[in-house]
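The structure appears below as structure tokens.
The values are calculated or read from the model by the stated rules, or taken from the named source; none is laboratory data. This is a predicted model, so every value here is computed, not measured. For neighbour counting, all protein chains shown are included, and Cβ atoms are generated from backbone atoms with ideal geometry for every residue, glycine included. Only protein heavy atoms, including side chains, enter the accessible area calculation; ligands, DNA and RNA are left aside. Shrake-Rupley method; radii C 1.70, N 1.55, O 1.52, S 1.80 Å.
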Number of protein chains: 2
Amino acid sequence: MLKMAILGFLRDFPLHGYDLKNRVAALAGHVRPIADGTLYPTIKKLEEAGCLTRRTAPGSVAAPRHMLEITQEGTDQLRRWLRSPEPVFITDDNKWYVLLAFLHHLDNPREQSIVLARRREFLDQPAQLFFDEQGRPVPPDRLESPFRKGLMQIHRSVNLTEIDWLDGQIAELDRRAGYTAATAREA
Amino acid sequence: MLKMAILGFLRDFPLHGYDLKNRVAALAGHVRPIADGTLYPTIKKLEEAGCLTRRTAPGSVAAPRHMLEITQEGTDQLRRWLRSPEPVFITDDNKWYVLLAFLHHLDNPREQSIVLARRREFLDQPAQLFFDEQGRPVPPDRLESPFRKGLMQIHRSVNLTEIDWLDGQIAELDRRAGYTAATAREA
DNA sequence: AAGATATATATCGACTCCGAGGTAGAACAC
DNA sequence: GTGTTCTACCTCGGAGTCGATATATATCTT
């Protein structure tokens, strides 16, 4: 997840580690800062893998910065992750939202649409969150805990909101992909 | 998170590992199954810490089950985690929803209200998710990516839904806590 | 009769990430 | 002038989790 976020941000424009840290924190955990001990070793690994290069530049107020730039290899890797995300990126909300934040780097509307459809399919499964002693699902109105009731209520509302957006977005992307295909045939 | 979920479920009624696995999967990742290699060592650790005991019982169709029961020590531990959750349990949606699923095990409405208020306070912070090259926040309507736009839109809608529910719930709990205090003073 | 599937438990190596610690310079408050 | 905060980088140990692998039984399918 962190690797995707780093390459995704660098695809927009070059950044140094400290800046990256703040951007990832704002996006991923909203406000949960990403630890230095996580960020810097990950940058190092991406550099060793040839996904990014660094240039030392003078710091604005303090120590010199390492300006990071994404390479062609890094761009390819990012696109592979976005095009064929692992299942957990579809089902884990945190990871999904990070993926969504960089999906525009996949420049083919058809490919974007396919990823959104995977999420859409996942959200379609009705949520059975709680079960009784015999293993039978307990419907929201039978739950004794008001917190569990609220949890399911919120969960349902959130899902409907996202499904709504997904449907509109998928339709729009498919329309555009259709035009692109038609234009390509004409030419 | 997994430890809290295990003790939380066992607080309702005794369960064996396999059953626990399915319940945690349904709740936590919604559908993301928790790996065996995660569950069983965690159960073992909780047992060693005196938080649960196990009794071997014949399996319904297969190998013998280890029926797990929570101890007084385990109940105390669970309540401590619920009463004073670490910051990440407030800010990470996945973890927060797990906490919410077991908050009814904290039987004092005042304590429950305090936890909800912490979440409420966190949600009040306006989300600045994306920044431009100069580090200035980019408002949703200025974002070029429709995915980022959707992301912020959904995020906002979700927050409002949860805030609404939290406010109602906190008011109800405080009302009840007031009554309890009044009744206690009368007696 | 053989193979797949569901139940049920357990270990091990790998990976991700965090938290605590260290280095260092500039700005700002007291 | 001294302490604190913010910028900026880095390492090490540990916690948590996953995926692969192993074992075993019962049922259902072919």
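The apolar share of the surface of the range A:2-78, taken as the fraction of accessible area on carbon and sulfur atoms (1.4 Å probe, ligands and nucleic acids excluded), comes to 54 percent. Highest mobility in the GNM of chain A, judged by mean-square fluctuation with C-alpha springs under 10 Å and restricted to A:PRO109, A:PRO126, A:PRO87, is found for A:PRO126. Between the residues A:ILE34, A:LEU129, A:ILE90, the greatest Cα displacement towards the positive end of the dipole of chain A, with unit charges on the Cβ of Lys, Arg, Asp and Glu, is found for A:ILE34.
Shielding by partners for peptide A:87-97, expressed as the average number of C-beta atoms from other protein chains within 10 Å of each residue's C-beta, is 3. Chains B and A together bury some 4100 Å² of accessible area, summed over both sides, with a 1.4 Å probe.
Of B:THR161, B:THR183, the residue with the largest accessible area leads and the full order is B:THR183, B:THR161 (1.4 Å probe).
Over the Cα atoms of the protein assembly as shown, the radius of gyration divided by the Kirkwood radius equals 1.01; this is the Rg/Rh ratio.
Dipole size of the protein assembly as shown about its Cα centre, with +1 on Lys/Arg Cβ and -1 on Asp/Glu Cβ: approximately 500 debye, rounded to the nearest 20. Charged side chains reduced to their Cβ positions (Lys and Arg at +1, Asp and Glu at -1) give the range B:69-150 a dipole of some 200 debye around its Cα centre.
If you run the Gaussian network model on chain A, springs between alpha carbon atoms under 10 Å, then out of A:LEU151, A:LEU52, A:LEU99 the most flexible one is A:LEU151. Please report the base-10 log of the normalised intensity I(q)/I(0) for the range A:100-187, using a Debye sum with one equal scatterer per alpha carbon and no solvent, at each q in 0.15 (1/Å). Calculated log10 I(q)/I(0) at the listed q: -0.70.
For A:ASP132 and B:GLN125, a Förster radius of 35 Å and the Cβ-Cβ distance give a FRET efficiency of 0.40, rounded to the nearest 0.05. Inter-copy label distances at B:TYR18, using a point 7 Å along Cα-to-Cβ, come to 5.6 nm with the shortest given first. Estimated purely from DSSP H runs of n ≥ 4, each contributing -39500 (n - 2.57), the mean residue ellipticity at 222 nm for chain B is -21000 deg cm²/dmol once divided by its residues. Per-atom-type breakdown for the range A:108-186 gives carbon and sulfur 50% of the accessible area (1.4 Å probe, protein chains only). Quick one: angle between helix A:93-102 and the longest Cα principal axis of chain A, in degrees between 0 and 90, rounded to 10, please. Approximately 40 degrees, to the nearest 10. Around the Cα centre of the range B:2-78, unit charges on the Cβ atoms of Lys, Arg, Asp and Glu (plus for the first two, minus for the last two) sum to a dipole of about 220 debye. Per-residue mean of foreign Cβ neighbours for B:160-171 is 3 (Cβ atoms of other chains, 10 Å radius). If you count Lys pairs in chain A whose Cα atoms are under 19 Å apart, skipping same-chain pairs closer than 8 places in sequence, the total is 7.
A crude spin-label estimate for the pair B:ALA49 and B:THR75, with each label 7 Å from Cα along the Cβ direction, gives 1.8 nm.
Between the helical axis of A:109-124 and the longest alpha-carbon principal axis of chain A there is an angle of about 40 degrees.
Accessible surface for chain B, divided over its residues, is 52 Å² per residue with a 1.4 Å probe. To the nearest 10 degrees, how steeply does helix A:146-186 sit against the main Cα axis of chain A, on a 0 to 90 scale? The two axes meet at around 60 degrees. Sorted on the mean count of surrounding Cβ atoms within 10 Å across their residues, most packed first, peptides B:2-12, A:34-44 read B:2-12, A:34-44. Largest mean-square fluctuation among A:VAL88, A:VAL61, A:VAL138, in a Gaussian network model of chain A whose springs join Cα atoms under 10 Å apart, belongs to A:VAL61. Taking amide hydrogens as placed 1.01 Å from N in the peptide plane, the amide H of B:PHE131 sits under 5 Å from those of B:VAL138, each at least 5 positions away in sequence or on another chain. The heavy atoms of A:SER60 present about 80 square angstrom of accessible area, all protein chains included, probe 1.4 Å.
Counted over chain B with a bin width of 5 Å, the fraction of Cα pairs per bin, in whole percents, is 1, 7, 13, 14, 15, 13, 11, 10, 7, 5, 3, 1, 0, 0. Counting Cβ atoms of other protein chains within 10 Å of each residue's Cβ and taking the mean over peptide B:16-28 gives 2.
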